[in-house]
1. Out of the residues in the range 4-43 that are among the charged types (D, E, K, R) and at pLDDT below 95, which is surrounded by the fewest Cβ atoms within 10 Å (Cβ to Cβ)?
2. Return the residues of the range 18-38 that are within 10 Å of the ligand (Cβ to nearest atom) and of a type in the set (A, V, I, L, M, F, W, C); say none if nothing qualifies.
3. Does any residue in the range 21-44 that is touching a residue at least 40 places away in the same chain (Cβ under 8 Å) come within less than 8 Å, Cβ to Cβ, of a residue that is more than 16 Å from the ligand (Cβ to nearest atom) and part of a loop (DSSP other than H, G, I, E, B) six or more places away or on a different chain, and which pairs are these?
Amino acid sequence: MDKAKNKSEDRAVIMCICGRTVAVEVIGGQYQDTYYGECECGRKWSLEELTAALEELSQESTA
Ligand SMILES: [Zn+2]
């Protein structure tokens, strides 16, 4: 356990395609860059390197 490396970015909120917001958090272990969460509609979300994906999205929207 290395709490010093524990960032505040270990959880995030995304928008599901059903319109609900879904809280996702880092799985941990060997999946330090993978966020996982389940929406109330039953859809499972698994996102790798969420911050990088968000940066790409913002770049596209501003291009
Ligand atoms: Zn949903």
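1. 5
2. 18, 22
3. Between residues of the range 21-44 that are touching a residue at least 40 places away in the same chain (Cβ under 8 Å) and residues that are more than 16 Å from the ligand (Cβ to nearest atom) and part of a loop (DSSP other than H, G, I, E, B), there is no close pair.
The values are calculated or read from the model by the stated rules, or taken from the named source; none is laboratory data. Since the structure is predicted, the reported quantities are computational estimates derived from the model, not experimental observations. All Cβ positions, glycine included, derive from the backbone under ideal geometry; neighbour counts span all protein chains shown.
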